[in-house]
Amino acid sequence: MRKPIIVGNWKMNKTISETLAFINEVDALVATDAVDAGLAVPFTMLKDAKSVAKNIKIAAQNCHFEESGAFTGEVSVSMLKELNLDYCVIGHSERRQMFNETDEAVNKKAAKLIASDILPIICVGETLEEFEAGKTEEVVRNSVAVSCANLEMEKVVIAYEPVWAIGTGKTATKEIANEVCGIVRNQIELMYGSDVASKVRIQYGGSVNDKNIKDLLTMEHIDGALVGGASLVAESYTGLIVNSK
Ligand code: PGA
């Protein structure tokens, strides 16, 4: 039985005071052993978020794979470790598209995070163009093959996020989402065997909200969600967790 993992991705939104107010409002409401509830907040809010969250796991939205050095604007995994973070999202499609993040870099980041006991949430997914050209399977398999190479997969979560469904209100149907999450699982099976593949948690992401989460979670290969817009509002974030139990 794979425990559902629901993580809000705030992207570049909210301030420290808004973050504290949000977590103080929802933290007790989402207390449950049945679901792992997380929030990925901007770097400047991590320390405060971590200091008030008792039930919500706190995640960074990126990290660098080098330990230290001349990488202006970057944050290393050991810096995140000092904050006792739980998770770190890597390879989000916005970072791939706007900041040239590659599968190779994602793989290095994941290895560093695992070594520091921070759970990497590795995002993969095809663009609208690739989807329409029928290349989803090829793109997703290649991305998983490189980003997840030589990792302790028991310590990794994968998020399948079709780029065309992010922030557009177009959720992939639960059948499509499940089919591609199944492809991700099969790729992990080819790389690591069926035992590992049956344990790895795979999230779906792209216009998930407190209304459609329940239905998505009924699907065989969908073990949670990475949620943007709907995670910014206290009521819908709470609904997401409550409806995932
Ligand atoms: P969305 O974003 O839920 O607003 O579509 C998902 C994501 O980018 O992780």
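On the stretch given as the stretch 15-45, residues that are among the aromatic types (Phe, Trp, Tyr) and out of contact with any helix residue (DSSP H, G or I) (no Cβ under 7 Å at 6 or more places or on another chain) total 1.
The set of residues in the stretch 117-149 that are out of contact with any strand residue (DSSP E or B) (no Cβ under 8 Å at 6 or more places or on another chain) and either of a type in the set (Gly, Ala, Ser) or within 16 Å of the ligand (Cβ to nearest atom) (or both) comprises Glu126, Thr127, Leu128, Phe131, Ala133, Gly134, Ala145, Ala149. Of all residues in the stretch 178-221, those satisfying the criterion of being open to solvent by less than 20 Å² (accessible area, probe 1.4 Å) and more than 19 Å from Ser147 (Cβ to Cβ) are Val208, Ile213, Leu216. For the residues Lys54, Lys108, Lys47, the requirement of being open to solvent by 10 Å² or more (accessible area, probe 1.4 Å), touching a residue at least 24 places away in the same chain (Cβ under 8 Å) and closer than 27 Å to Ala149 by Cα singles out Lys108.
Name every residue in the stretch 164-217 that is modelled with pLDDT of 95 or more, closer than 15 Å to Ser231 by Cβ and among the hydroxyl-bearing types (Ser, Thr, Tyr), in order of residue number. Selection gives Tyr204 alone. Hey, does the stretch 65-80 have a residue that's within 16 Å of the chain's Cα centre (by Cα) and either open to solvent by 60 Å² or more (accessible area, probe 1.4 Å) or at negative phi (or both)? Checking the stretch 65-80: not a single residue is within 16 Å of the chain's Cα centre (by Cα) and either open to solvent by 60 Å² or more (accessible area, probe 1.4 Å) or at negative phi (or both).
Of Ser207, Ser244, all but one fail to be more than 26 Å from Leu113 (Cα to Cα), within 14 Å of the chain's Cα centre (by Cα) and within 15 Å of the ligand (Cβ to nearest atom); the exception is Ser207.
Is it true that Ala60 is within 22 Å of Val233 (Cα to Cα), out of contact with any Gly (no Cβ under 9 Å at 6 or more places or on another chain) and free of Cβ contacts under 8 Å to residues at least 12 places away in the same chain? Here the answer is no, as Ala60 does not meet what is asked. Scanning the stretch 150-204 for residues that are within 16 Å of the ligand (Cβ to nearest atom) and in a helix (DSSP H, G or I) yields Val163, Trp164, Ala165, Lys174, Ile176, Ala177, Val180, Cys181, Val184. Do you know which residues across the stretch 222-243 are within 15 Å of Ile166 (Cα to Cα) and open to solvent by 30 Å² or more (accessible area, probe 1.4 Å)? Hits for the stretch 222-243 are Gly229, Leu232.
The values are calculated or read from the model by the stated rules, or taken from the named source; none is laboratory data. Just so it is clear, the model here is predicted, and its values are computed rather than measured. Cβ atoms come from the backbone with ideal geometry, glycine included; neighbour counts cover every protein chain shown. Remember, those area values only see protein heavy atoms, side chains included, never the ligands or the DNA or RNA. Shrake-Rupley method; radii C 1.70, N 1.55, O 1.52, S 1.80 Å.
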